[in-house]
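Enquirer: I have a structure I would like to understand better, so I am pasting it below and will then ask my questions one at a time.
Every read-out reported here was derived from the displayed coordinates using simple, explicitly stated rules and does not represent laboratory data. Note that the coordinates shown come from a computational prediction; the quantities given were computed from them, not determined experimentally. Cβ placement follows ideal geometry from the backbone for every residue including glycine, while neighbour counts extend to all protein chains displayed.
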Amino acid sequence: MATTKEEIAAFIASEFPQTKCAVLDAGNGGATVAHEIGPAELRPGGTVSGPVLMATADVALYVAILAEIGIVPLTVTTSLNINFLRKPEAGARVIGVCKLIKLGRSLAVGEVSLYSEGRSDIVAHAVGTYSIPARAT
């Protein structure tokens with residue numbers, strides 16, 4: 001039951017109004033999201049904070065999964081591991097590009113590469129697992 005990026009974006013806006021992530025692309029086993037960066041997202045030293053990078057990775061994974069299984073709100077993160085590789089640019093949006101590695105009936109695993117918008121070097125890399133609730137048949 002594939003879901004469009006517009007349907008997912010509307011769901012995210014409704015259920016997670018606090019997020020600053022925009023859905024840029026979703027489907028075909030992946031997703032791309034962008035997180036706006038302002039003064040509140042910076043840590044001392046003038047770089048994007050780690051929690052912002054983690055949130056972007058988490059949203060990218062969620063969007064990629066929902067694009068494949070439909071809107072299943074209680075699909076939840078069970079594991080998220082992130083490696084911070086280089087300093088993101090403070091003035092650029094963070095772009096999260098997710099590729100699903102495995103999509104099963106009860107678990108999904110994906111990886112997310114995070115970039116500063118306009119740059120090709122990865123600033124962080126995350127791998128996450130989501131639990132998918134049993135659905136009525």
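Enquirer: Among the aspartates and glutamates, select those whose C-alpha is under 14 Å from the C-alpha of K5, and discard any that sit fewer than 8 residues away in the same chain.
Expert: The qualifying aspartates and glutamates are D25, E68.
Enquirer: Turning to a different aspect of this structure: Would you mind working out the magnitude of the charge dipole of the chain relative to its Cα centre, with +1 at each Lys and Arg C-beta and -1 at each Asp and Glu C-beta, to the nearest 20 Debye?
Expert: On the way: 11 positive and 12 negative charges, 62 e Å.
That gives the chain a dipole magnitude of about 300 debye.
Enquirer: Take the alpha-carbon centre of the range 121-136, take the same for the range 31-100, and report the distance between them in whole Å.
Expert: What the calculation gives is 11 Å, centre to centre.
Enquirer: Here is a follow-up. For the range 74-137, what are the per-bin percents of Cα-Cα distances with bins 5 Å wide, up to the bin holding the maximum?
Expert: 4, 18, 22, 18, 14, 11, 7, 4, 2, 0
Enquirer: Could you work out the relative contact order of the chain? I mean the mean sequence separation of Cα pairs under 8 Å and 6+ apart, divided by the number of residues, in percent. Don't skip to the end; give the middle numbers.
Expert: Working: 306 pairs, mean separation 34.7, N = 137.
Averaging sequence separation for qualifying contacts and normalising by length gives 25 percent for the chain.
Enquirer: Further, regarding this structure: Using alpha carbons only, what's the Rg to Rh ratio of the range 56-107 with Rh from Kirkwood?
Expert: Details: Rg = 13.1 Å, Rh = 12.8 Å.
Rg/Rh: 1.02.
Enquirer: Still on this structure: What is the percent of Cα-Cα separations in the range 19-81 that go past 19 Å? The partial results should precede the final answer.
Expert: Details: 706 of 1953 pairs.
Of all Cα-Cα pairs in the range 19-81, 36 percent lie more than 19 Å apart.
Enquirer: For the chain, what is the convex hull (Cα atoms) projected area averaged across all directions, in square nanometres?
Expert: Values: hull surface 31.5 nm².
The number I arrive at for the chain is 7.9 nm².
Enquirer: Of the options V97, G70, G45, report the single residue whose Cα projects farthest towards the positive end of the charge dipole of the range 5-131 (beta-carbon charges: Lys, Arg +1; Asp, Glu -1).
Expert: G45
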